[in-house]
1. Quick query: amide H of residue 165 versus all other amide H atoms, modeled in the peptide plane; which residues come in under 5 Å with a sequence gap of 5 or more or a different chain?
2. In percent, how large is the relative contact order of segment 79-180, given Cα pairs closer than 8 Å and 6 or more residues apart?
3. Applying the Karplus parametrisation 6.51 cos²θ - 1.76 cosθ + 1.60 with θ = phi - 60° to the phi angles of segment 98-113, what ³J(HN,Hα) value in whole Hz is obtained for each residue in order, glycine and proline being reported as x?
4. Between residue 152 and residue 116, take the C-beta separation as r, use R0 = 30 Å, and let me know the FRET efficiency to the nearest 0.05.
5. Could the peptides 111-120, 72-81 be put in order, highest first, of the mean number of other beta-carbon atoms found within 10 Å of their residues?
6. Per residue, what volume in Å³ does the Cα convex hull of segment 85-134 take up?
7. Report residue 143's accessible area, 1.4 Å probe, all protein chains in place, as a number in Å² to the nearest 10.
8. Scan around residue 82 for amide H atoms under 5 Å from its own, H built in the peptide plane at 1.01 Å from N, and keep only partners 5 or more places away or cross-chain.
Amino acid sequence: MLAQFGRLTTVAFVVSTLAACTALPGGSGSPGAEAGAASPDGVIRAEEGTPLSNLVRFGSTTAPELVPDIPEFAPCPQVDVITGGAAIRNYAGAESNQNLRSQISIANLARECVVSADGQEFIITLGVEGRALLGPRGGPGRYNAPLRIVLRNNSETFEDRRVQASATVEQGASSGTFTLVEDNLTVPAQVGSNYIIEVGLVSGGR
């Protein structure tokens with residue numbers, strides 16, 4: 001099933017109608033996929049069956065009529081937002097509200113965790129939705145959303161990736177959204193549930 005995620009998929013949206021019903025981060029993980037709780041940072045977790053969850057699992061915002069065989073689910077901790085990484089601001093000149101060009105923020109997260117065919121690894125697919133909002137110095141165009149994804153426990157880092165998404169703001173609009181799916185993130189199966197998934201925006205966006 002994960003073969004369909006063989007490459008990084010980035011989709012830019014001008015207007016997003018993707019729905020999500022629960023919130024993150026924190027709390028204990030559950031095998032497989034999503035179940036959320038209220039989040040103080042405003043980022044929400046996609047429930048199973050929502051467009052972002054379907055995109056992570058099936059490679060499409062809609063589930064197939066015949067659902068393919070699902071591999072064995074692995075322990076799947078909730079996704080934490082890296083401290084300070086929920087949003088970034090970009091300025092045209094000195095940092096002031098008048099010079100604000102854009103604010104890029106994470107809005108929605110989803111993940112799926114399965115056991116590899118040989119049982120040696122857990123394979124994680126992570127979905128991220130976000131938004132670019134224009135400030136007084138912003139205008140139409142493409143706005144970059146540089147993201148960092150980390151899988152680790154208290155003693156070891158298994159993955160530390162930098163990836164790029166982008167949102168397009170059309171003429172006359174005040175915002176745009178982005179969706180990114182990153183696949184083939186792995187941790188050794190021997191860690192069991194003793195690992196965390198973190199994602200955050202990093203400086204470098206437009």
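The values are calculated or read from the model by the stated rules, or taken from the named source; none is laboratory data. All figures in this text were calculated on a predicted structure; none of them were measured in a lab. Cβ sites come from the backbone with ideal geometry, for glycine too, and all protein chains shown count toward neighbours. Surface areas here come from the heavy atoms of the whole protein model, side chains and all, with no ligands, DNA or RNA. Shrake-Rupley method; radii C 1.70, N 1.55, O 1.52, S 1.80 Å.
1. For residue 165, whose amide H was placed from the backbone, the distant partners under 5 Å are 145, 147.
2. About 23 percent, as a whole number.
3. 5, 9, 5, 8, 7, 10, 9, 9, 8, 10, 7, 9, 8, 8, 9, 10
4. Computed FRET efficiency for residue 152 and residue 116 comes out at 0.95.
5. 72-81, 111-120
6. Cα convex hull per residue, to the nearest whole number: 89 Å³.
7. Only protein atoms counted, so the area is about 0 Å².
8. Those qualifying (amide H under 5 Å, at least 5 residues apart or on another chain) are 199, 200.
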